[in-house]
Amino acid sequence: MNAHTSRLVDAAKVESARYALIRRLGFVFRHHLVVNLQPLNMVCQVLHHRLGAETLEVLALHDSVAQITRLVRTSIDSCSDVVSWITADPQLTTAVSVGVGECLDNVRSSFSFRGFAIHCEESRLGTQVRQVAIREVLTAALFAVADHANGLDEMIVTTTPMADAIEIVIQLRRGVNTSSAEQDAYRLIGWDDVQALADFHSLQLSRHGDELVKMRMPHSFDAPQQ
């Protein structure tokens, strides 16, 4: 196999991993897109009722309009965030604590239904890393750990600052429950998926079996922040 063909195979693997990751996050994206629509609909119904009253209460109308404005703005932000996952800007950076928190928030609900307890042991690190790198690699690693947990249920995520990088460690161990396997996923996330994404983003990735994963993310000081 020549070098050109190898690069094509690598690119195909990266895109396959990304597609699988987006599919696995579909329920999160759906929630982000509709979570503000129900209260928005309720406020609109209240406003419609107030407008139909014999006596208009101006302050109440202003309150309803303000609520609608706030919910619309929040909905726009949620939609923009979902789009940023699908059409990621490779130049944007994010604080480590923000990136880790976002990734954990995206999987916490579904993981809890499978019996996992997630604990994050990290200081509020403001060090900047590439947003798309931490989103893709960390989230894929979290899915891979959960998909190959073999009943282990306690997931510990730690972040440690180093000279020129941030080390993120995911450790899986036995807790008080027994985790269950994924039943309805598009497909499981494999370690080859995680490695492909890590290689694409030039991150160091190492693991000991399926129970301990380490990744090192270089600092980013020369890119716009999100």
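Does the stretch 31-64 hold any residues that are among the hydrophobic types (A, V, I, L, M, F, W, C), within 30 Å of residue 106 (Cα to Cα) and part of a helix (DSSP H, G or I), and which are they? If you could, list the steps in order and put the result at the bottom.
Going through the stretch 31-64, the residues among the hydrophobic types (A, V, I, L, M, F, W, C) turn out to be 33-35, 37, 40, 42-44, 46-47, 51, 53, 56, 58-61.
Filter again for within 30 Å of residue 106 (Cα to Cα), leaving 33-35, 37, 40, 42-44.
Result: 33, 34, 37, 40, 42, 43, 44.
Give the stretch 73-107 a look and list any residue that's modelled with pLDDT under 90 and surrounded by 15 or more Cβ atoms within 10 Å (Cβ to Cβ), or say none. Selection gives 75, 78, 82, 84, 85, 88. Of the candidates 158, 87, 93, 139, the single residue that is farther than 16 Å from residue 31 by Cβ, β-branched (Val, Ile, Thr) and in contact with a helix residue (DSSP H, G or I) (Cβ under 9 Å, 6 or more places away or on another chain) is 93. Filtered by the rule that a residue be surrounded by 15 or more Cβ atoms within 10 Å (Cβ to Cβ) and either in the same structural domain as residue 12 (by TED's automatic domain parsing) or in a helix (DSSP H, G or I) (or both), the stretch 141-192 gives 141, 142, 143, 144, 145, 146, 147, 191.
With respect to residue 193, determine if the residue is under 22 Å from residue 105 (Cβ atoms), within 20 Å of the chain's Cα centre (by Cα) and acidic (Asp, Glu). If you could, list the steps in order and put the result at the bottom.
Values: under 22 Å from residue 105 (Cβ atoms): yes; within 20 Å of the chain's Cα centre (by Cα): yes; acidic (Asp, Glu): yes.
Here the answer is yes, as residue 193 does meet what is asked.
One residue stands out among those in the stretch 89-126 that are outside any helix (DSSP H, G or I) and of a type in the set (Val, Ile, Thr): the one that is farthest from residue 157 (Cα to Cα), which is 93.
Quick one: is residue 202 free of Cβ contacts under 8 Å to residues at least 24 places away in the same chain, under 20 Å from the mean Cα position of the chain (by Cα) and in a loop (DSSP other than H, G, I, E, B)?
On the way: free of Cβ contacts under 8 Å to residues at least 24 places away in the same chain: yes; under 20 Å from the mean Cα position of the chain (by Cα): yes; in a loop (DSSP other than H, G, I, E, B): yes.
So residue 202 passes the test.
The values are calculated or read from the model by the stated rules, or taken from the named source; none is laboratory data. Note that this is a predicted model, so its numbers are computed, not measured. In this analysis, Cβ positions are derived from the backbone assuming ideal geometry, glycine residues included, and neighbour counts consider all displayed protein chains.
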